[in-house]
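Data block below; observations after.
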Amino acid sequence: MKHALFAAILFLTACTPMKSEIPQEAAPPPVVSVYASPTAEPWLEAVYACAAEISVVIRLSVSQSAADIRLRLGEPPNLTTPAYQIGAEDVLVVTHPQNPLADLTMEDVRRLFAEGGENVEVWVYASGGEVQELFEREVMHGTRIHALARLALHPEQMLESLERDSRAVGLLPRRWLRAPLREAFALRDVPVLAITPGEPQGAVKELIACLQQRKE
């Protein structure tokens, strides 16, 4: 009887199915929303590279106020939230290769954009754009832009206008410049900023740190 009971216990033990371990699902990667101004769009390449490095998903935002990080050139007026420099950019006065203008001084540039010139068509941005703000503050020093200056809404439009018209002279960040256009004047080392609505935490903080390391 004892032998039969022992055999039954062994049989039941052998037949008891092993508990299989259920694999834990990996947590989804954090998502960081980023808004890039038109002039800062070339810096998105570094953002995506850092995101891949630290396993973060980037969601492009069309709203500045809703973004975790806002990229732009130069400090905006009345900045009240944290801002971190992730690089530097030159803002250039650019001409068509057939335009004789070259090696302009700041005084030359100020006079040209205020008064125009013979066989010259001046191109600028809307007054609220960051490149235009920088140019008016650092170069024009309160002098009004020529009333007949042409208006570009985006660096791509500025680029196309400069390439198409041999009389054109306008403003471009260096990362937007392409051959055969020529640099006639440079406002150097404008800070590229990552602006956050509050003190960055978690993935946002990691992403900004990575961008700053790439700058060095």
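The values are calculated or read from the model by the stated rules, or taken from the named source; none is laboratory data. Quick caveat: nothing in here was measured; it's all calculated off a predicted structure. Quick reminder, even Gly has a Cβ in these numbers, built from the backbone with ideal geometry, and neighbours come from all protein chains shown.
To keep it simple, each residue is scored yes or no on (1) within 14 Å of the chain's Cα centre (by Cα); (2) surrounded by fewer than 20 Cβ atoms within 10 Å (Cβ to Cβ); (3) under 30 Å from L112 (Cβ atoms).
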| site | (1), (2), (3) |
| --- | --- |
| M158 | no, no, yes |
| A168 | no, no, yes |
| W176 | yes, no, yes |
| D189 | no, yes, yes |
| Q201 | no, yes, no |
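Can you pull out the residues in the stretch 82-122 that are more than 30 Å from S65 (Cβ to Cβ) and among the hydroxyl-bearing types (S, T, Y)?
If the condition is that a residue be more than 30 Å from S65 (Cβ to Cβ) and among the hydroxyl-bearing types (S, T, Y), then T95, T105 are the ones that fit.
May I ask you to list pairs of residues, at least six apart or on different chains, whose Cβ atoms are under 7 Å apart, with the first in the stretch 144-167 being closer than 21 Å to P180 by Cα and the second being outside any strand (DSSP E or B) and of a type in the set (A, V, I, L, M, F, W, C)?
A152/M158; P155/W176; L159/W176; L162/L181; E163/L181; R167/V120
Tell me which of these Q157 doesn't satisfy, since it passes every other one: (1) of a type outside the set (A, V, I, L, M, F, W, C); (2) in contact with a Ser or Thr (Cβ under 8 Å, 6 or more places away or on another chain); (3) under 23 Å from R188 (Cα atoms).
Just one mismatch for Q157, condition (2).
Condition first: free of Cβ contacts under 8 Å to residues at least 60 places away in the same chain, farther than 18 Å from H154 by Cβ and more than 16 Å from the chain's Cα centre (by Cα). Can you find one or more residues in the stretch 94-106 that meet it? Break it down stepwise before answering.
Filtering the stretch 94-106 for residues free of Cβ contacts under 8 Å to residues at least 60 places away in the same chain gives 100.
With farther than 18 Å from H154 by Cβ added as a condition, the list becomes 100.
Imposing the further condition that a residue be more than 16 Å from the chain's Cα centre (by Cα) reduces the set to 100.
Checked against the condition, which is being free of Cβ contacts under 8 Å to residues at least 60 places away in the same chain, farther than 18 Å from H154 by Cβ and more than 16 Å from the chain's Cα centre (by Cα), the stretch 94-106 yields at least one hit.
Please list, ordered by first then second residue, the pairs with beta carbon atoms under 9 Å, 6 or more apart or interchain, first in the stretch 108-127 and under 18 Å from Q98 (Cβ atoms), second of a type in the set (G, A, S) and buried (at least 19 other Cβ atoms within 10 Å of the Cβ).
Here the result reads V120/A168; E121/A168; E121/G170; V122/A168; V122/G170; W123/A152; W123/A168; W123/G170, each pair linking the stretch 108-127 to a residue that is of a type in the set (G, A, S) and buried (at least 19 other Cβ atoms within 10 Å of the Cβ).
If we keep just the residues of the stretch 67-91 that are among the hydrophobic types (A, V, I, L, M, F, W, C) and either surrounded by 14 or more Cβ atoms within 10 Å (Cβ to Cβ) or modelled with pLDDT under 95 (or both), which is farthest from the chain's Cα centre (by Cα)? Outline the logic, then answer.
Applying the first criterion (among the hydrophobic types (A, V, I, L, M, F, W, C)) to the stretch 67-91 yields 67, 69, 71, 73, 79, 83, 86, 88, 91.
Next, only the ones that are either surrounded by 14 or more Cβ atoms within 10 Å (Cβ to Cβ) or modelled with pLDDT under 95 (or both) stay: 67, 69, 71, 73, 79, 83, 86, 91.
Values: A67: 13, I69: 10, L71: 5, L73: 8, L79: 18, A83: 13, I86: 10, V91: 15 Å.
It comes out as L79.
For the stretch 115-216, which strands (runs of 3 or more DSSP E) that fit wholly inside it have 3 or more residues that are within 17 Å of A83 (Cβ to Cβ) and either at pLDDT 95 or above or outside the structural domain of A36 (by TED's automatic domain parsing) (or both)? Reasoning before the result, please.
Numbers: elements: 121-125, 150-152, 168-173, 182-195.
Passing ranges, in order: 182-195.
Kindly indicate whether E41 is surrounded by fewer than 12 Cβ atoms within 10 Å (Cβ to Cβ), of a type outside the set (A, V, I, L, M, F, W, C), at pLDDT 95 or above and within 15 Å of the chain's Cα centre (by Cα). Working first, answer last.
Working: surrounded by fewer than 12 Cβ atoms within 10 Å (Cβ to Cβ): no; of a type outside the set (A, V, I, L, M, F, W, C): yes; at pLDDT 95 or above: yes; within 15 Å of the chain's Cα centre (by Cα): yes.
The answer is no for E41.
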